[in-house]
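Enquirer: Here's a structure for you.
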Amino acid sequence: MSTEALLTRYRELRGFVATFQTAAIDATPVAVMMEQAKRLGLVEHGALRPGSRTEMTMVFDMIVHTAKEGRTRAIDRIAKQKAPPADSTAGAVMQALQAAQFAVWRVEGPHPEAGMMAHDLLRRQSFWLLDEWLARSARKGDRFVARLMDMGDYKISCGVIVPLNDTVFELAAADARAVKAPSAEAMLKDRRFAEIFYRAAVTGGALRGVAFRDPEEAGMPPTPPVAAPPS
């Protein structure tokens, strides 16, 4: 497949990602969003901290792909409601979204067709990441966290990709020691682990100055809630 054909396919997949995740977010009560935003340090005096629009993508990721024990994830509820045909592109994207995995990874270099090669630091495996915009700016050795979907030959992100500078990495590594798990895979599946990295990203300002070109680039809706619901 040519580079242009790969990128056309990538844009089609991102469109479905944005559609499904937006539906999941729209069906989530504002109180739940605000609770998660507070856990990430984005709420001040009952309202979202000024300038937190981009950082809200981390909140969206948590409310779509994780849930408290005993509760159903938003993405699983939307999968039941919409139930796209399993043999369709929409069905493949939905299945990949439901099976998406949180990962801490490092850029290895460009892929010869499109995107880049990356290395999962905890699973200790390399993979092909197809991301149109990150491929233009990321450098070899850069570290990131993101929830990734397996689309067969390559992976794509579910939305937000958080850069890990030394400050953010050290903050997260210190708190991550509190997550006790029998294996790296079990730790990565623990919702607290992603939350630790996202909270460190907020504290360390990892997404300050970052602006997505459009909502579909992040796979998330453009406008987050701006205040807590009345008590």
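Taken together, the values in this text are just the output of simple stated rules run on the coordinates, not laboratory data. It should be emphasised that the depicted structure is a prediction, and the values quoted were computed from it without experimental measurement. Ideal geometry is used to build each Cβ from the backbone, glycine not excepted, and the neighbour counts take in all protein chains shown.
Enquirer: Compute the orientation-averaged projected area for the chain from the convex hull of its Cα atoms and round it to one decimal in nm².
Expert: About 12.9 nm², averaged over all directions.
Enquirer: Here's a follow-up. Return a whole-number percent for the relative contact order of the chain, with Cα pairs under 8 Å and 6 or more residues apart as the contact set.
Expert: 26
Enquirer: Rounded to the nearest 20 Debye, what is the dipole magnitude of the chain about its Cα centre when Lys and Arg each give +1 and Asp and Glu each give -1 at the C-beta?
Expert: 560
Enquirer: Below 14 angstrom from the Cβ of PHE144, what's the summed charge of the other residues (Lys, Arg +1; Asp, Glu -1)?
Expert: Taking every Cβ under 14 Å from that of PHE144, the sum is 0.
Enquirer: Do any of LYS80/LYS189; LYS140/LYS189; LYS38/LYS68; LYS155/LYS180; LYS155/LYS189; LYS38/LYS155 go past 24 Å between their Cα atoms, and which?
Expert: Violating the 24 Å limit, Cα to Cα: LYS140/LYS189; LYS155/LYS180; LYS38/LYS155.
Enquirer: Taking every DSSP beta bridge with both residues inside the stretch 3-218, roughly what % is antiparallel (nearest 5)?
Expert: For the stretch 3-218, the DSSP antiparallel bridge percentage is about 95.
Enquirer: Can you check how the C-alpha radius of gyration of the stretch 1-80 compares to 2.2 N^0.38 Å, as a plain ratio?
Expert: Compared with the compact-globule rule of thumb, the stretch 1-80 sits at 1.33.
Enquirer: Something else about it: Once a ≥ b ≥ c are taken as the square roots of the eigenvalues of the Cα gyration tensor of the stretch 61-136, is the result rounded (a/c under 1.5), prolate (a/b larger than b/c) or oblate (a/b not larger than b/c)?
Expert: Oblate.
Enquirer: The stretch 34-104 to the stretch 121-172: how many Å between their Cα centroids?
Expert: 18
Enquirer: On a full-extension model of 0.36 nm per residue, what is the gain between SER126 and LYS140, subtracting their alpha-carbon distance, rounded to one decimal in nm?
Expert: 3.7 nm
Enquirer: What percent do you get for the relative contact order of the stretch 90-139 when only Cα pairs under 8 Å and 6+ apart count?
Expert: 27
Enquirer: Which far-off residues, 5 or more places away or on another chain, put their amide H under 5 Å from the one on GLY115, with H placed in the peptide plane?
Expert: ASP131
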